Amino acid sequence: MKKYDVAAYIWPAYTGDEPRTRIFWPEGMGEWQSVRSATKKFEGHTWPRRPAWGYVNEADPYVMEMEIEAAVDHGVNVFIYDWYWFDRRPFLENCLNDGFLKAKNNGRMKFYLMWANHNAGMGWDKRNAGIPNEAMIWNGYQDRAEFERAMTRVIDKYFHLPNYYTIDGKPVFMIYDVPNLVRGLGGVEETVSAIEWLRAACVKAGLPGLHLQFTMWNEAALNLSGVDAGKDVPPSAFDTIGFDSCSHYQYCHFVNIDRPYEQVLPDVVKEYERLEKTLRFPYFPHVSVGWDNNPRHLGFSRGVMTNCTPENIENALRQAKAYVDRHPEQPPLVTINAWNEWTESSYLEPDDLYGYGYLDAIKRVFLEK
């Protein structure tokens, strides 16, 4: 049977081991604090939900050994770690460094990084969620000197690892917020120069190069997460900067998600078809498990995708698989949001609502004949 690379994003906030998370989640368990305190907001709301594995510390290698086994056994063979650089240093690296990379079985699956270079305000703290003009704590954008410091760390610490995900032998590195990247570096021309430096730095480090990926947005996307800024870089800039491929991070970035899942899927297919015709580089199809970030709010927050059943998710996975099969010239990669985005109601980990239903759906689509 054909092998597929099924890559699930990881939000590395389900640990209290990062001291700077205490300003958001003072109980010392990371964003599990918001999950545990989530309440029902309207009739038919599927919250509160509870993780079948408990409020585990995902920076614990023994926990990650269990999660790796469950992921690979069900067809998820790549993790995409959200990676942060705030205030001249990394943030939330514990789940990757101390959990995944110290797990004895981490050789069973690959991983790569998505630089989540958005700004950080108080929105992660539900006591402040929804307050207009939230104070910004850290800038996600970086100037050239800081960009080189951060990227040198990424090259030295991760790109050489044997289970780092590559395309054509080149480490894959994804950038979440291209407008913020351009803003920090001072413009499109300056960004082109910085990317050229990054590619050269990879070669200088003994790597065959770099596969640079970015998160695709729709220009009319709404900021439902509380952290995403405007996407004001013209589409032509993506070609100019020199990216090698793209994928999405969430359905809410390009379609109206405030409706049942089965009504969303036709629009997802239309987006696949649009990108298929317009992009000059590969698009890797994306599947989102759902969207509802009410666990991050005390009151009701609009934008709720309903009917996110395992059966509907399986249909979405089959759509993505069909796209991959139509493009044998590119790697068979599918991205999924997410492994553990509990506070956005977009996770594959088992819960008390559907059990292992989402993981079983992946297994049926990608592992079973």
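Descriptive notes on the structure:
- Anchor Lys41: lysines whose Cα lies under 22 Å away (excluding residues fewer than 8 positions away in-chain): Lys126
- Eligible lysines near Lys2 by straight Cα distance, threshold 18 Å, same-chain separation 8 or greater: Lys110, Lys321, Lys363, Lys369
- D by Stokes-Einstein for the range 37-76, Kirkwood Rh over Cα pairs, 10 °C, 1.306 mPa s: 129 µm²/s.
- Toward the positive end of the charge dipole of the chain, with +1 on the Cβ of Lys and Arg and -1 on the Cβ of Asp and Glu, the farthest Cα among Ala322, Gln263, Tyr14 is that of Ala322.
- Cubic angstrom per residue, convex hull over Cα atoms of the range 47-203: 145
- Order by protection proxy (mean Cβ within 10 Å, highest first), peptides 266-279, 139-152: 139-152, 266-279
- Farthest toward positive dipole pole in the chain [+1 Lys/Arg, -1 Asp/Glu at C-beta], among Tyr272, Ile195, His253: Ile195
- Here the chain is assigned +1 on the Cβ of each Lys and Arg and -1 on the Cβ of each Asp and Glu. Its dipole about the Cα centre then comes out at about 240 debye.
- Note that the chain, at 37 °C in a medium of 0.692 mPa s, gets a Stokes-Einstein diffusion coefficient of 158 µm²/s from its Kirkwood radius over C-alpha pairs.
Here, each number is a calculation from the coordinates, and none is a lab measurement. Please read all numbers here as calculations on a predicted model, not as lab measurements. When we count neighbours, we look across all protein chains shown, and the Cβ atoms used for this are built from the backbone with ideal geometry, even at glycine.
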